[in-house]
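Below: one structure, written as structure tokens.
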Amino acid sequence: MLRNIPKIGLVFFGAFALLPFFVDSPYILGVITMASLYAVWAMSWDIFSGYTGEINFGYAFFIGTAAFVGAIFGTRLGLTPWLSIAIGALTAMLLAFILGILTLRLRGPYFTIITMAINIAFSELALVLWKWTGGEEGIAGIEPLTDGPASDYYVTLIFSFVVFVVLVILSRSKHGKILIAIRENEDAAEASGINTIIYRVLMFGLSAFIAGIGGGLHIHIQMHASHDLLSLSLSTMILIMAIFGGMGTIIGPMFGAYCLSILSELLRNLAEYRMLIYTGILVLTIFYAPNGIFLRIKTLFSEILSKIKG
């Protein structure tokens, strides 16, 4: 099964694993740490939406729910970070199963609209329940995950790598091919004896579980559960990263998440021009690489190598 892992992905993670030996800046390590979490969210979003065609526009609902459940259990009951992260992730997965059973029978754009509406509703509910969630200020005083930026860096990088390997293997297995069949022609998949609802609900739950672990890691690294983790803007950002990298590939969203996270930080000092440049790059990508920037770059490298060999 490991033969199915793209070598470029192994090189990519290997390079980041060596980075702390050459760079000891807490700021740079912090940027890559957050990029690893975005990569986890983008890949886990892709294994469901990219492979089934059901666009989840409220993905932050699972991230934020797991984060706040973990934060409440950690601060009020004194649970260890890893136990509170597990409880938050399992809560997100359970909610995904319930939501999936109720909504994934719908055809057309209805599922997308419902996920977006739920994301908005729970974002507002978190403000209403401010005694538990801290309202707009969130929950502070959360126990740190590790003893420093370098160890946080490796925890998130290793988790991102594990998610990458697992999801690539899953996507290239028989189950991944079934998901693609459902996306391409659901009626034909059902006619061949595939229970499409079960497959989509299971992938929806897996996607939420991984997102929940990422949300739990985030709050312990930042030592703060921010209300932004429930925002629709976070859902939109994850969707953009997946599309930018290339939906339905796993490696594309991972690549897109790292690229856009790092690009955002590089443009931070440009003030009012930052969003203009950022948006311009996204628009150009859609025009010149509609299938994702990763596939475009891979194709260009293949063409260059073929010319060199020729």
extent check for segment 1-70: Cα max minus min per principal axis, descending, whole Å, gives 41, 36, 18
Can you check what the Kirkwood hydrodynamic radius comes to for segment 162-218, Cα pairs only, in Å to one decimal?
-> 12.4
Helical contribution to [θ] at 222 nm, DSSP H n ≥ 4, -39,500 (n - 2.57), averaged over the chain, rounded to 500 | -24000 deg cm²/dmol
Set the Förster distance to 22 Å, then compute FRET efficiency between Ser306 and Val11 from the Cβ-Cβ distance, nearest 0.05.
-> 0.65
For the chain, what is the per residue volume of the convex hull drawn over the alpha-carbon atoms, in cubic angstrom?
-> 159
Starting at the first residue of segment 38-45, write each ³J(HN,Hα) from the Karplus equation 6.51 cos²θ - 1.76 cosθ + 1.60 with θ = phi - 60°, in whole Hz, x for Gly and Pro.
-> 4, 5, 4, 5, 5, 5, 6, 5
Can you give the relative contact order of segment 116-222 as a percent, counting alpha carbon pairs under 8 Å and 6+ residues apart?
-> 29
Quote the Stokes-Einstein diffusion coefficient, in whole µm² s⁻¹, for segment 132-188, based on the Kirkwood radius over alpha carbon pairs, a temperature of 10 °C and a viscosity of 1.306 mPa s.
-> 105
Express in whole angstrom the spacing between the alpha-carbon centres of segment 271-310 and segment 120-181.
-> 28
Can you grab the distance from the C-alpha centre of segment 65-112 to the C-alpha centre of segment 4-38, Å, no decimals?
-> 28
Leaving out same-chain residues fewer than 8 places away, which lysines sit with a Cα under 17 Å from that of Lys7?
-> Lys298
Using +1 on the beta carbon of Lys and Arg, -1 on that of Asp and Glu, and nothing else charged, what's the dipole of the chain about the Cα centre, debye to 20?
-> 940
Spin-label model distance (nm) - Ser173 vs Glu272, 7 Å beyond Cα toward Cβ = 5.4
Counting other Cβ atoms within 10 Å, keep those with at most 16, restrict to DSSP loop, and tell me which chymotrypsin sites (Phe, Trp or Tyr not before Pro) in segment 134-166 are left.
-> none
Give, in whole angstrom and from largest to smallest, the semi-axes √(5λ) of the equivalent ellipsoid of segment 176-310, with λ running over the eigenvalues of the Cα gyration tensor.
-> 30, 26, 13
Karplus-derived 3J(HN,Hα) from phi for segment 291-299 (6.51 cos²θ - 1.76 cosθ + 1.60, θ = phi - 60°), whole Hz, x at Gly and Pro, runs 8, x, 5, 5, 5, 5, 5, 4, 5
Per its Cα gyration tensor (rounded if a/c is under 1.5, else prolate when a/b beats b/c, else oblate), segment 84-163 is best filed as oblate
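No lab work stands behind these numbers, since they all come straight from the coordinates. None of these values were measured; they are calculated from a predicted model. Because the Cβ atoms are built from the backbone with ideal geometry, glycine has one as well, and the counts that use them run over all protein chains shown.
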